[in-house]
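Read through the structure below, which is laid out as structure tokens, and then see the notes.
The values are calculated or read from the model by the stated rules, or taken from the named source; none is laboratory data. Worth saying up front: this structure is predicted, and the values here are computed from it rather than measured. Each accessible area value is taken on the protein alone, full model and side chains, heavy atoms only, with ligands, DNA and RNA left out. Shrake-Rupley method; radii C 1.70, N 1.55, O 1.52, S 1.80 Å.
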Amino acid sequence: MDIEVILERHDQRIQTLERDMGAMKEVQTEIRSMHETLLTLANELKHTNEHLARHERKIDEIDLKL
């Protein structure tokens, strides 16, 4: 096989890998963004549940007085 053909194939493969790597970086960025969003939502849900639990206790207290 001619060395130029081998080098050309090698260069094409490198270009393909570089393109794929660029796409993977975009996916990685999106996953990080989704991770941050999920952390925020989980934290908000935790606070909502705590708030709900306080209201349930207050309702139970009112029910006991009636």
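Over all directions, what mean area does the Cα convex hull of segment 5-56 project, stated in square nanometres?
The number I arrive at for segment 5-56 is 3.7 nm².
What's the angle, to the nearest 10 degrees (0 to 90), between helix 3-65's Cα axis and the longest principal axis of the chain?
For 3-65 against the chain, the angle is about 0 degrees.
M24 to H47: extension gain in nm, 0.36 nm per residue of separation minus the Cα-Cα distance? Each step should come with its number before you reach the end.
Values: separation 23, 0.36 × 23 = 8.28 nm, distance 3.47 nm.
Full-extension gain reported as 4.8 nm.
Using a 1.4 Å probe on the protein heavy atoms, what percent of the accessible area of the chain belongs to carbon and sulfur?
Carbon and sulfur together cover 60 percent of it.
Taking the solvent-accessible surface of protein heavy atoms with a 1.4 Å probe, what is the per residue accessible area of the chain in Å²?
99
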